[in-house]
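Report on the following structure.
The values are calculated or read from the model by the stated rules, or taken from the named source; none is laboratory data. What you see is a predicted model, and the numbers here were worked out from it, not measured in a lab. Cβ sites come from the backbone with ideal geometry, for glycine too, and all protein chains shown count toward neighbours.
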Amino acid sequence: MRIILLGPPGSGKGTQGDLIEGKYGFPRISSGDLLRDSVQRGTPLGRKAEAFMNRGELVEDEVVVDMIRERIGEDDCRSGFILDGFPRTVPQAERLPDIDPGRDEIVLDIRVADRSIIERLSARRICSGCGSIYNLRGASAPASGTCPACGGGLIQRDDDKPEVVQRRLQVYHTQTAPLEEYYRSKNVYHEIEGTGPIHEVFVRIEAVLERSIPGSRLKEEIKAD
């Protein structure tokens, strides 16, 4: 099973992907994590990606596709996997059946209104010391401007500022509008309401996955491998 997570930045794809992995056993593969890891390790693909990143350009499709191909070829992906951040465009989506043929596919599009995304991300703060993440609008928001875990100062990342988030959302919608239509035409697209508590969003995702392939059979297939 190939599970593809779509959704704007801040929609909770990573969190929900981790929950899917925890229940069904499929590894979550983040294209962003792959890029950063490859660059850090200085792999041939990482060096290619770094050259684009150093010029302030998007990493070309071929490099990203090669990274995905390499990762899904590993043993833990034999029964299936979760893609987070890939594909971002229709050409990337069209490459998937070529590099991973003969596999069932489910697309989960976590939908959150732009206004909610801007409010959510603009309230996010990162500890400059330990990297812990807090939300100033959450129930567990620190009472002071310091991290409860280590005492470090809380900072706002540049890409979490409202005007930057708005630009990121515009880019996302431009890229993914054709992608939504592409997957709808394949009858594998499912829209997930992404507002509300994390566990409620996951219940909606579970309902789609259980209808597609019963969770018990998924677990049995993974254990058998």
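Consider Gly138 carefully, then state whether it is in contact with a Ser or Thr (Cβ under 6 Å, 6 or more places away or on another chain) and loosely packed, with under 15 Cβ neighbours inside 10 Å. No, not satisfied. Scanning the stretch 1-46 for residues that are in contact with a helix residue (DSSP H, G or I) (Cβ under 8 Å, 6 or more places away or on another chain) and free of Cβ contacts under 8 Å to residues at least 60 places away in the same chain yields a count of 13.
One residue stands out in the stretch 166-213 among those that are over 14 Å from Leu5 (Cα atoms) and not in a helix (DSSP H, G or I): the one that is nearest to the chain's Cα centre (by Cα), namely Thr195. Could you grab me the full set of residues in the stretch 101-120 that are in contact with a Leu (Cβ under 7 Å, 6 or more places away or on another chain) and either surrounded by fewer than 20 Cβ atoms within 10 Å (Cβ to Cβ) or within 23 Å of Glu163 (Cβ to Cβ) (or both)? Correct list: Asp114, Ile117.
Counting just the residues of the stretch 141-163 that are surrounded by 15 or more Cβ atoms within 10 Å (Cβ to Cβ) and not in a loop (DSSP other than H, G, I, E, B), which one comes out modelled with the highest pLDDT? Of everything passing the filter in the stretch 141-163, Leu154 is modelled with the highest pLDDT.
Of the set (1) among the β-branched types (Val, Ile, Thr); (2) over 19 Å from the mean Cα position of the chain (by Cα); (3) over 30 Å from Asp61 (Cβ atoms), all apply to Ile99 but (3).
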